[in-house]
Amino acid sequence: MDFKEIKEADAKNYMTVFSRQNICFTHGKGSKLYDTAGNEYIDMAGGIAVNCLGHDHPELTAAICEQAHKLIHVSNLYYNEPQAMLCEKLLEGSIFERMFLCNSGAEANEAAIKLVRKHFFNRGENRTQIITAQNSFHGRTLATVTATGQDKYSRPYAPLPPGFIHVPYNDFDALKNAVTENTAAIMLEVIQGESGVLPADYDYIVGAYAYAKSRGILFVVDEVQTGMGRTGKLYGFEHYGIQPDVITLAKGLGGGVPIGAMLARGEVAHAFAPGDHGSTFGGNPLACAAACVVVDKLKNGLLAEAEKKGEYLMGKLSRLRKFNFVRDVRGKGLLLGVCLTDKVSNTEIVGKMAANGVLLITAGHNTLRFAPAYTIRYEEIDKACDTLMNLFANTNV
Ligand SMILES: *Cc1c(COP(=O)(O)O)cnc(C)c1O
(Lines give C-alpha, C1' and ligand atoms only; values in the text may rest on other atoms or scores of the structure.)
Protein backbone atom coordinates (compact mmCIF):
# COMPACT_ATOMS: atom_id res chain seq x y z
CA MET A 1 0.00 0.00 0.00
CA ASP A 2 1.21 3.50 -0.70
CA PHE A 3 0.57 6.34 1.75
CA LYS A 4 -2.54 7.49 -0.08
CA GLU A 5 -4.05 4.01 0.08
CA ILE A 6 -3.13 3.69 3.74
CA LYS A 7 -4.86 6.97 4.55
CA GLU A 8 -7.95 5.99 2.57
CA ALA A 9 -8.14 2.64 4.32
CA ASP A 10 -7.75 4.30 7.69
CA ALA A 11 -10.42 6.90 6.94
CA LYS A 12 -12.81 4.16 5.82
CA ASN A 13 -12.07 1.49 8.42
CA TYR A 14 -10.64 2.76 11.66
CA MET A 15 -12.86 4.20 14.35
CA THR A 16 -12.34 7.92 14.42
CA VAL A 17 -10.64 8.18 17.79
CA PHE A 18 -7.35 9.71 16.69
CA SER A 19 -6.36 12.99 15.05
CA ARG A 20 -3.36 11.70 13.18
CA GLN A 21 -0.57 13.72 11.66
CA ASN A 22 -0.10 13.39 7.94
CA ILE A 23 2.87 11.03 8.26
CA CYS A 24 3.33 7.29 7.89
CA PHE A 25 6.60 5.81 9.10
CA THR A 26 8.23 2.85 7.49
CA HIS A 27 11.24 2.21 9.73
CA GLY A 28 13.57 3.71 12.24
CA LYS A 29 17.08 3.41 13.60
CA GLY A 30 18.01 4.79 16.99
CA SER A 31 16.30 8.16 17.27
CA LYS A 32 15.81 8.53 13.52
CA LEU A 33 12.51 7.71 11.84
CA TYR A 34 11.78 7.48 8.12
CA ASP A 35 8.45 7.98 6.37
CA THR A 36 6.92 6.69 3.14
CA ALA A 37 8.24 9.75 1.27
CA GLY A 38 11.77 9.00 2.45
CA ASN A 39 11.91 11.95 4.87
CA GLU A 40 14.08 11.61 7.95
CA TYR A 41 12.95 12.76 11.39
CA ILE A 42 14.57 13.11 14.79
CA ASP A 43 12.28 11.32 17.19
CA MET A 44 11.88 13.43 20.32
CA ALA A 45 8.51 11.79 21.00
CA GLY A 46 9.63 8.20 21.52
CA GLY A 47 6.19 6.81 20.69
CA ILE A 48 4.85 8.80 23.69
CA ALA A 49 7.55 7.82 26.17
CA VAL A 50 7.61 4.19 24.99
CA ASN A 51 10.64 3.59 22.75
CA CYS A 52 13.22 4.15 25.48
CA LEU A 53 15.88 2.17 23.57
CA GLY A 54 15.10 3.88 20.27
CA HIS A 55 14.19 2.05 17.09
CA ASP A 56 15.76 -1.21 15.98
CA HIS A 57 17.94 -1.47 19.07
CA PRO A 58 20.25 -4.42 18.27
CA GLU A 59 19.84 -6.23 21.60
CA LEU A 60 16.11 -5.62 21.89
CA THR A 61 15.45 -6.74 18.32
CA ALA A 62 17.66 -9.80 18.78
CA ALA A 63 15.95 -10.78 22.04
CA ILE A 64 12.50 -10.49 20.44
CA CYS A 65 13.56 -12.54 17.40
CA GLU A 66 15.22 -15.18 19.54
CA GLN A 67 12.18 -15.49 21.77
CA ALA A 68 9.81 -15.60 18.77
CA HIS A 69 11.72 -18.62 17.52
CA LYS A 70 11.17 -20.35 20.86
CA LEU A 71 7.72 -19.31 22.10
CA ILE A 72 5.65 -16.20 21.49
CA HIS A 73 2.89 -17.14 23.85
CA VAL A 74 1.98 -19.73 26.43
CA SER A 75 -0.91 -19.32 28.80
CA ASN A 76 -0.52 -18.49 32.45
CA LEU A 77 -1.72 -22.01 33.20
CA TYR A 78 1.96 -22.87 32.80
CA TYR A 79 5.25 -21.35 33.91
CA ASN A 80 7.49 -19.45 31.53
CA GLU A 81 11.11 -18.47 31.98
CA PRO A 82 11.13 -14.90 30.56
CA GLN A 83 8.27 -13.99 32.92
CA ALA A 84 10.10 -15.44 35.93
CA MET A 85 13.29 -13.66 34.88
CA LEU A 86 11.58 -10.30 34.42
CA CYS A 87 9.99 -10.50 37.86
CA GLU A 88 13.35 -11.35 39.43
CA LYS A 89 15.00 -8.44 37.67
CA LEU A 90 12.32 -5.94 38.68
CA LEU A 91 11.85 -7.01 42.28
CA GLU A 92 15.46 -7.88 43.17
CA GLY A 93 16.90 -5.08 45.29
CA SER A 94 13.64 -3.09 45.08
CA ILE A 95 11.22 -2.16 47.85
CA PHE A 96 8.53 -4.29 46.18
CA GLU A 97 7.66 -7.89 46.99
CA ARG A 98 5.12 -9.04 44.43
CA MET A 99 4.07 -8.09 40.94
CA PHE A 100 1.47 -8.77 38.30
CA LEU A 101 1.93 -8.47 34.55
CA CYS A 102 -0.55 -7.20 31.99
CA ASN A 103 -0.45 -5.42 28.63
CA SER A 104 -0.96 -1.69 29.08
CA GLY A 105 -0.99 1.20 31.49
CA ALA A 106 -4.75 1.21 31.85
CA GLU A 107 -4.71 -2.47 32.74
CA ALA A 108 -1.94 -1.96 35.28
CA ASN A 109 -3.98 0.77 36.94
CA GLU A 110 -7.13 -1.32 36.74
CA ALA A 111 -5.20 -4.07 38.54
CA ALA A 112 -4.00 -1.59 41.16
CA ILE A 113 -7.56 -0.40 41.81
CA LYS A 114 -8.74 -3.97 42.21
CA LEU A 115 -5.80 -4.89 44.45
CA VAL A 116 -6.44 -1.93 46.75
CA ARG A 117 -10.14 -2.75 47.06
CA LYS A 118 -9.41 -6.45 47.58
CA HIS A 119 -6.97 -5.59 50.35
CA PHE A 120 -9.63 -3.80 52.39
CA PHE A 121 -12.25 -6.38 51.45
CA ASN A 122 -9.97 -9.06 52.92
CA ARG A 123 -9.67 -7.03 56.10
CA GLY A 124 -13.42 -6.57 56.34
CA GLU A 125 -13.01 -2.80 56.22
CA ASN A 126 -15.44 -0.67 54.28
CA ARG A 127 -12.81 1.32 52.44
CA THR A 128 -13.52 1.66 48.75
CA GLN A 129 -12.84 5.29 47.89
CA ILE A 130 -9.83 6.21 45.81
CA ILE A 131 -8.63 9.79 45.66
CA THR A 132 -6.95 10.92 42.44
CA ALA A 133 -5.93 14.31 41.07
CA GLN A 134 -7.69 16.63 38.69
CA ASN A 135 -6.02 16.68 35.26
CA SER A 136 -4.51 13.28 35.95
CA PHE A 137 -4.40 10.54 33.35
CA HIS A 138 -4.75 6.89 34.30
CA GLY A 139 -6.10 5.22 31.16
CA ARG A 140 -9.19 4.56 29.07
CA THR A 141 -10.96 1.60 30.62
CA LEU A 142 -14.12 2.43 32.49
CA ALA A 143 -12.50 2.44 35.93
CA THR A 144 -9.29 4.16 34.88
CA VAL A 145 -11.10 6.78 32.83
CA THR A 146 -13.13 7.47 35.96
CA ALA A 147 -9.95 7.64 38.03
CA THR A 148 -8.64 10.09 35.42
CA GLY A 149 -9.51 13.54 36.69
CA GLN A 150 -10.60 14.92 33.33
CA ASP A 151 -14.32 15.14 32.80
CA LYS A 152 -14.01 15.28 29.00
CA TYR A 153 -12.71 11.70 28.91
CA SER A 154 -15.35 10.15 31.14
CA ARG A 155 -18.60 12.11 30.83
CA PRO A 156 -19.96 10.31 27.73
CA TYR A 157 -19.53 6.91 29.38
CA ALA A 158 -21.79 7.36 32.39
CA PRO A 159 -22.81 5.62 34.52
CA LEU A 160 -19.25 5.49 35.82
CA PRO A 161 -18.06 3.16 38.56
CA PRO A 162 -18.43 4.86 41.93
CA GLY A 163 -15.67 5.41 44.45
CA PHE A 164 -13.40 7.98 42.80
CA ILE A 165 -12.82 11.47 44.13
CA HIS A 166 -10.75 14.10 42.31
CA VAL A 167 -8.84 16.82 44.07
CA PRO A 168 -6.68 19.67 42.72
CA TYR A 169 -3.07 18.57 42.13
CA ASN A 170 -0.31 20.00 44.28
CA ASP A 171 -2.85 21.10 46.90
CA PHE A 172 -2.20 19.17 50.11
CA ASP A 173 -5.08 20.71 52.06
CA ALA A 174 -7.57 19.74 49.37
CA LEU A 175 -6.25 16.18 49.47
CA LYS A 176 -6.41 16.02 53.26
CA ASN A 177 -9.94 17.41 53.28
CA ALA A 178 -11.09 14.76 50.81
CA VAL A 179 -9.97 11.89 53.05
CA THR A 180 -12.68 10.05 54.95
CA GLU A 181 -12.86 6.79 56.88
CA ASN A 182 -13.80 5.18 53.53
CA THR A 183 -10.62 6.24 51.78
CA ALA A 184 -8.74 3.20 50.53
CA ALA A 185 -6.00 4.81 48.49
CA ILE A 186 -4.48 7.95 47.12
CA MET A 187 -3.36 7.45 43.53
CA LEU A 188 -1.13 10.04 41.89
CA GLU A 189 1.34 10.63 39.11
CA VAL A 190 4.56 12.28 40.28
CA ILE A 191 4.62 14.14 36.98
CA GLN A 192 1.29 14.68 35.25
CA GLY A 193 2.41 13.72 31.76
CA GLU A 194 -0.62 13.89 29.50
CA SER A 195 -1.94 17.08 31.02
CA GLY A 196 1.21 19.13 30.55
CA VAL A 197 4.35 17.52 32.06
CA LEU A 198 3.54 19.06 35.43
CA PRO A 199 5.75 17.75 38.25
CA ALA A 200 4.34 17.30 41.73
CA ASP A 201 5.88 19.60 44.35
CA TYR A 202 8.27 17.80 46.67
CA ASP A 203 6.35 18.85 49.78
CA TYR A 204 3.05 17.76 48.26
CA ILE A 205 4.10 14.17 47.63
CA VAL A 206 6.02 13.87 50.90
CA GLY A 207 3.07 15.35 52.81
CA ALA A 208 0.47 13.27 51.02
CA TYR A 209 2.48 10.11 51.59
CA ALA A 210 3.00 10.80 55.30
CA TYR A 211 -0.67 11.65 55.73
CA ALA A 212 -1.73 8.47 53.91
CA LYS A 213 0.50 6.39 56.19
CA SER A 214 -0.92 8.05 59.30
CA ARG A 215 -4.47 7.18 58.22
CA GLY A 216 -3.80 3.63 57.02
CA ILE A 217 -4.44 4.68 53.42
CA LEU A 218 -2.55 3.00 50.60
CA PHE A 219 -0.33 5.17 48.42
CA VAL A 220 -0.38 4.27 44.73
CA VAL A 221 1.89 5.94 42.20
CA ASP A 222 1.01 5.71 38.53
CA GLU A 223 4.48 5.34 37.01
CA VAL A 224 3.18 4.34 33.58
CA GLN A 225 4.87 7.36 31.99
CA THR A 226 7.44 8.28 34.67
CA GLY A 227 8.75 4.76 35.32
CA MET A 228 11.62 2.79 33.79
CA GLY A 229 14.14 5.61 33.90
CA ARG A 230 12.06 8.24 32.14
CA THR A 231 12.71 10.88 34.82
CA GLY A 232 16.39 10.01 35.26
CA LYS A 233 15.69 7.63 38.14
CA LEU A 234 14.28 4.11 37.72
CA TYR A 235 10.97 5.30 39.19
CA GLY A 236 9.71 8.85 39.49
CA PHE A 237 8.77 8.41 43.16
CA GLU A 238 12.47 8.10 44.02
CA HIS A 239 12.81 11.86 43.56
CA TYR A 240 10.58 12.22 46.63
CA GLY A 241 12.16 9.67 48.97
CA ILE A 242 8.87 7.85 49.54
CA GLN A 243 8.01 4.15 49.48
CA PRO A 244 4.67 3.73 47.73
CA ASP A 245 2.58 0.64 48.45
CA VAL A 246 1.74 0.06 44.81
CA ILE A 247 3.16 1.34 41.53
CA THR A 248 2.08 0.74 37.95
CA LEU A 249 4.27 0.55 34.87
CA ALA A 250 3.78 0.23 31.13
CA LYS A 251 4.94 2.58 28.34
CA GLY A 252 8.76 2.21 28.47
CA LEU A 253 8.79 -1.19 30.14
CA GLY A 254 8.94 -3.27 26.95
CA GLY A 255 10.82 -0.73 24.84
CA GLY A 256 7.84 -0.74 22.45
CA VAL A 257 6.47 -4.23 22.97
CA PRO A 258 3.13 -3.92 24.81
CA ILE A 259 3.48 -4.81 28.48
CA GLY A 260 2.23 -3.41 31.76
CA ALA A 261 3.03 -4.24 35.35
CA MET A 262 1.83 -3.59 38.87
CA LEU A 263 4.32 -3.87 41.74
CA ALA A 264 3.34 -3.86 45.41
CA ARG A 265 4.87 -4.08 48.86
CA GLY A 266 3.67 -5.02 52.32
CA GLU A 267 0.33 -6.63 53.14
CA VAL A 268 -1.44 -5.30 50.03
CA ALA A 269 1.05 -7.19 47.86
CA HIS A 270 -0.58 -10.40 49.06
CA ALA A 271 -4.24 -9.37 48.70
CA PHE A 272 -5.04 -11.40 45.58
CA ALA A 273 -5.84 -15.11 45.82
CA PRO A 274 -5.91 -17.56 42.89
CA GLY A 275 -8.74 -16.62 40.52
CA ASP A 276 -8.98 -13.01 41.74
CA HIS A 277 -7.33 -11.46 38.73
CA GLY A 278 -5.68 -12.49 35.50
CA SER A 279 -4.80 -11.71 31.91
CA THR A 280 -4.47 -13.97 28.88
CA PHE A 281 -1.52 -12.12 27.41
CA GLY A 282 -0.11 -10.70 30.65
CA GLY A 283 3.46 -11.82 31.24
CA ASN A 284 3.67 -13.42 27.83
CA PRO A 285 7.20 -14.66 27.02
CA LEU A 286 7.72 -12.35 24.03
CA ALA A 287 6.85 -9.19 25.95
CA CYS A 288 8.84 -10.33 28.99
CA ALA A 289 11.92 -11.12 26.90
CA ALA A 290 11.77 -7.56 25.55
CA ALA A 291 11.27 -6.03 29.01
CA CYS A 292 14.23 -8.05 30.35
CA VAL A 293 16.47 -6.25 27.84
CA VAL A 294 15.14 -2.85 28.92
CA VAL A 295 15.74 -3.61 32.61
CA ASP A 296 19.23 -4.99 31.92
CA LYS A 297 20.20 -1.94 29.89
CA LEU A 298 18.92 0.42 32.59
CA LYS A 299 20.95 -1.41 35.24
CA ASN A 300 24.04 -1.32 33.04
CA GLY A 301 24.48 2.37 32.48
CA LEU A 302 21.42 3.44 30.53
CA LEU A 303 19.73 4.96 33.57
CA ALA A 304 22.71 7.22 34.20
CA GLU A 305 22.68 8.11 30.51
CA ALA A 306 18.99 9.07 30.66
CA GLU A 307 19.70 11.29 33.65
CA LYS A 308 22.66 13.01 31.95
CA LYS A 309 20.84 13.52 28.67
CA GLY A 310 17.82 14.82 30.56
CA GLU A 311 19.95 17.50 32.17
CA TYR A 312 21.49 18.31 28.82
CA LEU A 313 18.11 18.64 27.11
CA MET A 314 16.76 20.71 30.00
CA GLY A 315 19.76 23.05 29.66
CA LYS A 316 18.98 23.52 25.98
CA LEU A 317 15.23 23.94 26.42
CA SER A 318 15.72 26.42 29.26
CA ARG A 319 17.14 28.83 26.68
CA LEU A 320 13.65 29.03 25.17
CA ARG A 321 12.48 30.94 28.24
CA LYS A 322 13.67 34.13 26.56
CA PHE A 323 10.67 34.00 24.22
CA ASN A 324 7.73 35.89 25.69
CA PHE A 325 5.30 33.15 24.62
CA VAL A 326 7.12 30.50 26.65
CA ARG A 327 5.45 30.21 30.03
CA ASP A 328 7.48 27.45 31.59
CA VAL A 329 10.06 24.76 30.89
CA ARG A 330 9.57 21.85 33.27
CA GLY A 331 9.80 18.15 33.94
CA LYS A 332 12.49 15.72 35.00
CA GLY A 333 14.97 13.53 33.16
CA LEU A 334 13.85 12.87 29.60
CA LEU A 335 10.24 13.83 30.27
CA LEU A 336 10.25 17.55 29.64
CA GLY A 337 7.66 20.09 28.68
CA VAL A 338 7.72 23.56 27.17
CA CYS A 339 4.53 25.27 28.22
CA LEU A 340 3.33 28.05 25.92
CA THR A 341 1.06 31.03 26.39
CA ASP A 342 -2.15 31.10 24.37
CA LYS A 343 -0.48 33.38 21.80
CA VAL A 344 0.88 30.27 20.07
CA SER A 345 -0.59 26.80 19.63
CA ASN A 346 1.32 23.67 20.62
CA THR A 347 -0.46 21.70 17.87
CA GLU A 348 0.74 24.16 15.24
CA ILE A 349 4.30 24.06 16.57
CA VAL A 350 4.27 20.25 16.56
CA GLY A 351 3.09 20.30 12.93
CA LYS A 352 5.75 22.80 11.88
CA MET A 353 8.47 20.89 13.74
CA ALA A 354 7.46 17.69 11.94
CA ALA A 355 7.68 19.53 8.63
CA ASN A 356 11.21 20.49 9.71
CA GLY A 357 12.12 16.89 10.57
CA VAL A 358 11.61 16.84 14.35
CA LEU A 359 8.87 14.90 16.12
CA LEU A 360 7.39 16.27 19.32
CA ILE A 361 4.16 15.51 21.17
CA THR A 362 1.56 17.86 22.53
CA ALA A 363 0.41 17.70 26.12
CA GLY A 364 -2.29 19.55 28.00
CA HIS A 365 -2.09 23.22 28.94
CA ASN A 366 -0.64 24.13 25.54
CA THR A 367 2.57 22.22 26.23
CA LEU A 368 5.18 20.69 23.92
CA ARG A 369 6.29 17.36 25.32
CA PHE A 370 9.73 15.79 24.88
CA ALA A 371 10.13 12.08 25.61
CA PRO A 372 12.98 10.79 23.42
CA ALA A 373 14.85 7.50 23.67
CA TYR A 374 17.53 7.33 26.36
CA THR A 375 19.87 6.24 23.58
CA ILE A 376 19.39 9.50 21.66
CA ARG A 377 22.66 11.08 20.56
CA TYR A 378 23.74 14.50 21.78
CA GLU A 379 23.98 15.74 18.18
CA GLU A 380 20.36 14.74 17.68
CA ILE A 381 19.29 16.66 20.79
CA ASP A 382 21.28 19.65 19.51
CA LYS A 383 19.69 19.51 16.08
CA ALA A 384 16.16 19.15 17.44
CA CYS A 385 16.66 22.05 19.84
CA ASP A 386 18.23 24.26 17.16
CA THR A 387 15.23 23.59 14.92
CA LEU A 388 12.85 24.61 17.69
CA MET A 389 14.95 27.66 18.55
CA ASN A 390 14.84 28.78 14.90
CA LEU A 391 11.13 28.16 14.67
CA PHE A 392 10.50 30.19 17.83
CA ALA A 393 12.78 32.97 16.60
CA ASN A 394 10.64 33.17 13.46
CA THR A 395 7.35 33.05 15.34
CA ASN A 396 5.90 36.53 15.52
CA VAL A 397 3.26 37.06 18.15
C1 LIG B 1 -0.23 6.50 29.04
C2 LIG B 1 -0.65 6.47 30.47
C3 LIG B 1 -1.61 5.58 30.94
C4 LIG B 1 -2.38 4.65 30.02
O5 LIG B 1 -1.55 3.72 29.43
P6 LIG B 1 -2.13 2.82 28.21
O7 LIG B 1 -1.01 1.86 27.94
O8 LIG B 1 -2.42 3.74 27.09
O9 LIG B 1 -3.34 2.16 28.72
C10 LIG B 1 -1.89 5.57 32.29
N11 LIG B 1 -1.26 6.40 33.13
C12 LIG B 1 -0.33 7.28 32.72
C13 LIG B 1 0.35 8.16 33.72
C14 LIG B 1 0.00 7.36 31.37
O15 LIG B 1 0.89 8.24 30.95
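Considering each residue of the range 233-289, count those that are closer than 17 Å to Glu92 by Cα and acidic (Asp, Glu), and give that number. Going through the range 233-289 one residue at a time, the tally reaches 2. Of all residues in the range 71-79, none satisfies being outside any loop (DSSP other than H, G, I, E, B) and either closer than 24 Å to Ala304 by Cα or touching a residue at least 60 places away in the same chain (Cβ under 8 Å) (or both). Taking first residues from the range 103-125 that are under 17 Å from Asp222 (Cβ atoms) and partners that are modelled with pLDDT of 95 or more and aromatic (Phe, Trp, Tyr), the Cβ contacts under 6 Å between residues at least 6 apart in sequence or on separate chains come to Asn103/Phe281; Ala111/Phe100. The strands (runs of 3 or more DSSP E) found wholly in the range 292-375 and carrying at least 2 residues that are among the charged types (D, E, K, R) occupy 326-332. Taking first residues from the range 199-228 that are free of Cβ contacts under 8 Å to residues at least 24 places away in the same chain and within 15 Å of Ala133 (Cα to Cα) and partners that are among the aliphatic types (A, V, I, L, M) and away from the ligand (no atom under 16 Å from the Cβ), no Cβ contact under 9 Å between residues at least 6 apart in sequence or on separate chains turns up.
Return the only residue of Tyr41, Tyr34 being buried (at least 18 other Cβ atoms within 10 Å of the Cβ) and either hydrophobic (A, V, I, L, M, F, W, C) or not in a helix (DSSP H, G or I) (or both).
Tyr41
Filtering the range 136-149 to residues that are over 13 Å from Gly105 (Cα atoms), within 12 Å of the ligand (Cβ to nearest atom) and of a type in the set (S, T, N, Q) leaves only Ser136. Only residues that are assigned to a helix (DSSP H, G or I) and over 16 Å from Gly278 (Cα atoms) were counted in the range 118-138, giving 4. Pairs linking a residue in the range 40-52 that is on the phi > 0 side of the Ramachandran plot to a residue that is part of a helix (DSSP H, G or I) and of a type in the set (A, V, I, L, M, F, W, C), with Cβ atoms under 7 Å and 6 or more positions apart or on different chains, do not occur. Just one of Ala108, Ala112, Ala63, Ala68 is assigned to a helix (DSSP H, G or I), among the small types (Gly, Ala, Ser) and surrounded by fewer than 18 Cβ atoms within 10 Å (Cβ to Cβ); which is it? Checking each option against the conditions leaves just Ala68.
Residue pairs whose Cβ atoms lie under 9 Å apart, sitting 6 or more positions apart in sequence or on different chains, and linking a residue in the range 143-159 that is more than 12 Å from Thr132 (Cα to Cα) and of a type in the set (Phe, Trp, Tyr) to a partner that is assigned to a loop (DSSP other than H, G, I, E, B) and more than 14 Å from the ligand (Cβ to nearest atom), do not occur here. Within the range 28-50, take every residue that is within 14 Å of Met353 (Cα to Cα) and either touching a helix residue (DSSP H, G or I) at 6+ places or on another chain (Cβ under 8 Å) or among the β-branched types (Val, Ile, Thr) (or both) and give me the one that is nearest to the ligand (Cβ to nearest atom). Only one residue tops the list, namely Met44. Out of all the residues in the range 1-12, is one or more more than 16 Å from the ligand (Cβ to nearest atom), small (Gly, Ala, Ser), under 26 Å from Glu194 (Cα atoms) and assigned to a loop (DSSP other than H, G, I, E, B)? No, the range 1-12 contains no residue that is more than 16 Å from the ligand (Cβ to nearest atom), small (Gly, Ala, Ser), under 26 Å from Glu194 (Cα atoms) and assigned to a loop (DSSP other than H, G, I, E, B). The set of residues from the range 141-173 being closer than 16 Å to Gln192 by Cα and assigned to a loop (DSSP other than H, G, I, E, B) comprises Thr148, Gln150, Pro168, Tyr169, Asn170, Asp171. With the structure loaded, tell me whether Phe100 is within 16 Å of the ligand (Cβ to nearest atom), not in a strand (DSSP E or B) and not charged (D, E, K, R) or whether it fails that test. No, not satisfied. For the range 184-207, the set of residues classified as more than 10 Å from the ligand (Cβ to nearest atom), β-branched (Val, Ile, Thr) and buried (at least 22 other Cβ atoms within 10 Å of the Cβ) consists of Ile186, Val197, Ile205, listed by residue number.
The values are calculated or read from the model by the stated rules, or taken from the named source; none is laboratory data. A quick note: this is a predicted structure, and the numbers were derived from the prediction, not measured. Ideal geometry is used to build each Cβ from the backbone, glycine not excepted, and the neighbour counts take in all protein chains shown.
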